[in-house]
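Participant: Below is the structure I would like to discuss, written out as structure tokens.
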Amino acid sequence: MQLGVRRALEVETIRYKKTYGILLIYAAALLLLGLLSGDIRELLPGLWTIIINEDTLITDYIQLAGLGPAFVNAAIVTYISIAILYFAKDPPNGYTIVDIGLMSGFALFGKNFVNIWPIILGTWLYARLKREPFSKYAGVALLSTALAPVVSFVGLGGHWASLPAAVLVGVSIGFILPPLSGYTFRIQNGMNLYNMGFACGLVAMLLVPVMNSLGKVPEKVHFWATGYNLFFTCILTLLCVVLIAAGLLFGNRPVWAAWAGYRRLLQTSGRAPEDYLRMFGAAPVLINTGVNGLIATAYILLTGGDLNGPTLGGILTIMGFSAFGKHARNILPIMAGVLLGGLVMGGQVNTPSLQLAGLFCTTLAPISGYFGWPVGLLAGFLHASVVLHAGIPVAGMNLYNNGFSGGLIAIVLFPVITAVFRRRRPVLQDEDYFEVFEHDEPVTPPPPAEEKHSAESN
């Protein structure tokens, strides 16, 4: 018995070190790309420009400060995120990959290595108040930095900018988001993968009117880099091919077994919480990540879009969620729905807003995976319209604006579709209790009401 426990601990330790080792290599690649992408003498001035900017949507750091500073900032933010997860002793799982994908991606447009700290501190204080280990909330702390632009705006924007006030607001945000995100996760029934985006949107809807009433009105900005398509296409293609090859050839299993695992992964709905890393292992997840990255890159290129900071952030987010809910079968209908919506609304599918919607709409992938591609197409179509207006009340303060829009759509669609398809899909839950932030592995939901009543009658 003791030998078995010791062996399990050794396996867990090896996986722990291997996962964080790979993440460190990824951060090093971002840093190397930043150092080699421009004049080293422009690096520090570029980073300073990033730090003192207000960072509301859409602020492309590549356009604002240059390619080198943008990627160095992304590398620093990624290193910080890895360090927080590691020293908090957060067990590596699919959501660890999500955290790093989002943090590195959004560090190209809105998050920097200064404005994230007050929010992280607030979540740490919440864990201390609850007398619980910070490892339980480390991922929440990182994703809560979707509201990092609030910190920058309060500290730097307008005639009454105040750094102490910015710290206080940031700490408050980080403190209230853990309980709020736990609640919003339930009401969306696992159908919106960007749950934190919805929770942050609700907070921003309270903060923005208060700031407006105090005379602090955020200005609309639009920093959007162009002309980098060939450069980033080569880098992303190389990265995705390497990931697929690594999954097939270096996953400690035969090629056929790795591919079979990926095919099984494609059969899942993606409804949260589905931790693909624990369910299928590293090899299928690596293949899935590479395939999804190629799909996302192709979407931008085929629609005449631009590969830059924001769209790279969207692609890296999709790749991160390839370990937690997204795969080719459930993201393509949603993306097709957004494309269709863009064509119906006026045919300009390559506007910046719709480019981002075409990537971040995949937050609704579980709807497609659970109810089928026609419903996924409908969800994407609705998202193309809703996301263009959902950002108005939050004034660009919520970086996960598509998550906010996705949450609204999921809350409306789920009960309606459930009522319509109740007979065809008897396994739908009457009650959904998913505590994604309470555990480091997928939680089994309660049995459906029909099965429960049948068991009790027997």
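The values are calculated or read from the model by the stated rules, or taken from the named source; none is laboratory data. Everything numeric in this text was worked out from a predicted model, so none of it was measured. Ideal geometry is used to build each Cβ from the backbone, glycine not excepted, and the neighbour counts take in all protein chains shown. The protein model used for the area step is the full one, side chains on, heavy atoms only, and it has no ligands, DNA or RNA in it. Shrake-Rupley method; radii C 1.70, N 1.55, O 1.52, S 1.80 Å.
Participant: Could you pull out the residue among F360, F371, F404 that is over 17 Å from the mean Cα position of the chain (by Cα) and surrounded by 23 or more Cβ atoms within 10 Å (Cβ to Cβ)?
Facilitator: Answer to the selection: F371.
Participant: Give me a count of the residues in the range 36-79 that are in contact (Cβ under 8 Å) with a residue 24 or more places away in the chain and open to solvent by less than 30 Å² (accessible area, probe 1.4 Å).
Facilitator: Going through the range 36-79 one residue at a time, the tally reaches 23.
Participant: What about F381, is it assigned to a helix (DSSP H, G or I), modelled with pLDDT of 95 or more, touching a helix residue (DSSP H, G or I) at 6+ places or on another chain (Cβ under 9 Å) and aromatic (F, W, Y)?
Facilitator: Yes.
Participant: Name the residues in the range 188-215 that are in a helix (DSSP H, G or I) and aromatic (F, W, Y), would you?
Facilitator: F198 - this is the single residue of the range 188-215 that is in a helix (DSSP H, G or I) and aromatic (F, W, Y).
Participant: Mind telling me which of the residues G247, G270, G261 ends up being of a type outside the set (A, V, I, L, M, F, W, C) and assigned to a loop (DSSP other than H, G, I, E, B)?
Facilitator: Just a single option satisfies the conditions, and that option is G270.
Participant: Okay, next question. Somewhere in the range 7-23, is a residue at pLDDT 90 or above, among the β-branched types (V, I, T) and part of a helix (DSSP H, G or I)?
Facilitator: No - not one qualifying residue is present in the range 7-23.
Participant: Here is a further query. Might you let me know whether the range 439-452 holds any residue that is part of a helix (DSSP H, G or I) and modelled with pLDDT of 50 or more?
Facilitator: Within the range 439-452, none of the residues are part of a helix (DSSP H, G or I) and modelled with pLDDT of 50 or more.
Participant: Taking into account only those residues within the range 315-336 that are small (G, A, S) and closer than 19 Å to L238 by Cβ, which is surrounded by the most Cβ atoms within 10 Å (Cβ to Cβ)?
Facilitator: Ranking the qualifying residues of the range 315-336, first place goes to S322.
Each row is one residue, and each column tells you yes or no for (1) under 16 Å from A74 (Cβ atoms); (2) assigned to a helix (DSSP H, G or I); (3) aliphatic (A, V, I, L, M).
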position	(1), (2), (3)
V114	yes, no, yes
T123	no, yes, no
R128	no, yes, no
E132	no, no, no
G155	no, yes, no
W160	no, no, no
I173	no, yes, yes
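Participant: Of a type in the set (D, E, K, R) and either outside any helix (DSSP H, G or I) or surrounded by fewer than 23 Cβ atoms within 10 Å (Cβ to Cβ) (or both) - does that describe any residue in the range 91-110?
Facilitator: Scanning the range 91-110 turns up no residue that is of a type in the set (D, E, K, R) and either outside any helix (DSSP H, G or I) or surrounded by fewer than 23 Cβ atoms within 10 Å (Cβ to Cβ) (or both).
Participant: Here is a further query. Taking the conditions exactly as written (under 30 Å from D60 (Cβ atoms) and modelled with pLDDT under 90), does A390 satisfy them or not?
Facilitator: Yes.
Participant: Kindly list the number of the only condition in (1) open to solvent by 20 Å² or more (accessible area, probe 1.4 Å); (2) part of a helix (DSSP H, G or I); (3) touching a residue at least 24 places away in the same chain (Cβ under 8 Å) that fails for D306.
Facilitator: (2)
Participant: Spot the failing condition for S213; the list is (1) in contact (Cβ under 8 Å) with a residue 60 or more places away in the chain; (2) among the hydroxyl-bearing types (S, T, Y); (3) open to solvent by 70 Å² or more (accessible area, probe 1.4 Å), and only one is missed.
Facilitator: (1)
Participant: Being under 25 Å from F232 (Cβ atoms) and either of a type in the set (D, E, K, R) or over 13 Å from the mean Cα position of the chain (by Cα) (or both), is that true of even one residue in the range 94-107?
Facilitator: Looking for residues that are under 25 Å from F232 (Cβ atoms) and either of a type in the set (D, E, K, R) or over 13 Å from the mean Cα position of the chain (by Cα) (or both), one finds at least one in the range 94-107, hence yes.
Participant: Something else: Can you confirm whether A298 is free of Cβ contacts under 8 Å to residues at least 60 places away in the same chain, part of a helix (DSSP H, G or I), farther than 24 Å from C234 by Cα and open to solvent by 10 Å² or more (accessible area, probe 1.4 Å)?
Facilitator: For A298, the condition - free of Cβ contacts under 8 Å to residues at least 60 places away in the same chain, part of a helix (DSSP H, G or I), farther than 24 Å from C234 by Cα and open to solvent by 10 Å² or more (accessible area, probe 1.4 Å) - is not met.
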